1. Below 18 Å, Cα to Cα, which aspartates and glutamates can residue 77 reach? Residues fewer than 8 away in the same chain don't count.
2. What are the ³J(HN,Hα) couplings of region 51-59, residue after residue, when phi is run through the Karplus curve with 6.51, -1.76, 1.60 and θ = phi - 60°? Round to Hz, x for glycine and proline.
3. I'm spelling it out carefully: the read-out is P(r) over Cα pairs in 10 Å bins from 0, in percent, the candidates are (i) 18, 57, 24, 1; (ii) 11, 13, 12, 11, 10, 10, 11, 13, 7, 2; (iii) 14, 34, 27, 18, 6, 1, and one was derived from this structure. Which label?
4. Relative contact order for the chain: what percent, with Cα pairs under 8 Å and sequence separation of 6 or more?
5. At 222 nm, what helix-only mean residue ellipticity would the chain give, in deg cm²/dmol to the nearest 500, using -39500 (n - 2.57) for each DSSP H run of four or more?
6. Taking H as built 1.01 Å from N, whose amide H comes closer than 5 Å to the amide H of residue 32, not counting residues under 5 places away?
7. Please compute the length gained on full extension between residue 24 and residue 72, using 0.36 nm multiplied by the number of residues separating them and subtracting their Cα-Cα distance.
8. If you plug each phi of region 30-44 into the Karplus form 6.51 cos²θ - 1.76 cosθ + 1.60 with θ = phi - 60°, what whole-Hz ³J(HN,Hα) values come out, in order, with x for Gly and Pro?
Amino acid sequence: MPDRSLKMNELKAILRSYGVECDESKGKGSHVLFQKKFPDGVFSYPVPTHNKEVLICYVRGCRKKFRLRPEDGVSDKDFYER
């Protein structure tokens, strides 16, 4: 199952289940800021909210930034079916 676009609420729910927090107050303009703490620091990733769906490039970016890819041990099926 390849990466695909998601509704913002779907992305928030999936990321929340992996311990990623969404801070809507720290995004600039029409963005929200997703954050997760790791032993080597806090990683954050801004995602625009002005579209009804989050583009594939941002879903991929979140998966890479928060270590949620198959090479990190999270299969596409596991990610999208949460």
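1. Filter leaves 3, 10.
2. Working through the residues one at a time gives 9, 5, 10, 7, 5, 4, 4, 6, 5 Hz.
3. Answer label, from the structure shown: (i).
4. Relative contact order, the chain: 31 percent.
5. -8500 deg cm²/dmol
6. Answer set, sorted by chain and number: 47, 49.
7. Using 0.36 nm per residue and subtracting the Cα-Cα distance, I get 14.6 nm.
8. Karplus values, whole Hz, x for Gly and Pro: 9, 10, 10, 10, 8, 9, 8, 8, 10, x, 9, x, 9, 10, 10.
Read the figures in this text as sums done on the coordinates, not as results from a lab. Since this is a predicted model, take the numbers as computed values, not measurements. Cβ sites come from the backbone with ideal geometry, for glycine too, and all protein chains shown count toward neighbours.
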